[in-house]
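Report on one structure; see the data block that follows.
Taken together, the values in this text are just the output of simple stated rules run on the coordinates, not laboratory data. Bear in mind the structure is a predicted one, so any value in this text is a computation, not a measurement. When we count neighbours, we look across all protein chains shown, and the Cβ atoms used for this are built from the backbone with ideal geometry, even at glycine.
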Amino acid sequence: MRRGTALLGLTVLLAGCGKANSKTVVLVVPTTPSSQAPFRSLYRVPSESMAPTLTVGTRVVVRPSAPKVGDIVVFHPPEGAEQEECGPTPHVVRLGGAACSEPLPTRSVVKFVKRIVAGPGDEIYVSEGHVYRKAVGTSTFAREPDSYIRACGMSPECNFPDLIRIPADHWFMLGDNRGESDDSRFWGPVPTSWIVGVVQLTTQAGTEE
C-alpha cells in the first residue's frame, strides 16, 4: 500500500497517498444525506493525498454525474489497489516505464477519491508528476493545466515516460499530491460503472453548507 490511498468503505473513504512505509491513509467518513438532496453523499477527508486541493478535515459533497477529465470523483478502485497490483494479471508496474494501463477485472468494496486526468481513448505519459495527454480526436500532446497539484519531482514514481492508451469506458485517476498518492499509475484506469459520483462542493471542517 502506497503513501496515501483515498479509500472509502461502508463508512470510510481512503484517499490514496504514498509509497511503502512512508504513506499516510486518507479516510473520508460519510454522513447522512440531506433530505433536501437525497442523491448526494457527504464525506470528510482526514489525509493529504489530494492536497493542496482537499486538505485534512475538508468535507466533500458527492453527487452522481457523468464524469469528465478534470473532475474530482469518488469511486471504487480495482481489487488489489491497496497492494499496488496492476492487471489484468496481477503484477507490479516497473517504475520509470509505463503507468498501469489496465486494472484487475474485479471491483474493490472500498472507495477512493481522486482527480480524473484522462478518459476513454486518450493517450498519456507522466513527466515529473505532470500528465501529458493526447485527447481523442487530437494529434498533439498537451500538458495538464495542473496549477492545483503539489510538486512531484524526479522520483521514479513521478515519471512514466512510456505512452499508454486508456481503454474504452475507463478513466485514469491521479491524486493532486503527486509525490504522495496511490493512484492509477500503479493499479490502472477505472471503469465508468465503478464511479460513485463527482465532488460538487467542499467545505472546511466544522462548517455547515
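Among the residues making up region 79-114, those that are surrounded by fewer than 21 Cβ atoms within 10 Å (Cβ to Cβ) and basic (Lys, Arg) are Arg94, Arg107.
A quick yes/no check of all residues on (1) among the small types (Gly, Ala, Ser); (2) within 25 Å of Thr58 (Cα to Cα):
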| residue | (1), (2) |
| --- | --- |
| Arg115 | no, yes |
| Arg150 | no, yes |
| Ala168 | yes, no |
| Arg178 | no, yes |
| Ser181 | yes, yes |
| Val199 | no, yes |
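The set of residues in region 115-131 being out of contact with any helix residue (DSSP H, G or I) (no Cβ under 7 Å at 6 or more places or on another chain) and surrounded by fewer than 17 Cβ atoms within 10 Å (Cβ to Cβ) consists of Pro120, Gly121, Glu123, Ser127. Among what's in region 174-188 and is assigned to a loop (DSSP other than H, G, I, E, B) and of a type outside the set (S, T, N, Q), pick the residue that is farthest from the chain's Cα centre (by Cα). Of everything passing the filter in region 174-188, Gly188 is farthest from the chain's Cα centre (by Cα).
Only strands (runs of 3 or more DSSP E) whose full extent lies in region 77-173 are considered here, and the ones with at least 3 residues that are touching a residue at least 60 places away in the same chain (Cβ under 8 Å), within 19 Å of Leu54 (Cβ to Cβ) and under 18 Å from the mean Cα position of the chain (by Cα) are 112-118.
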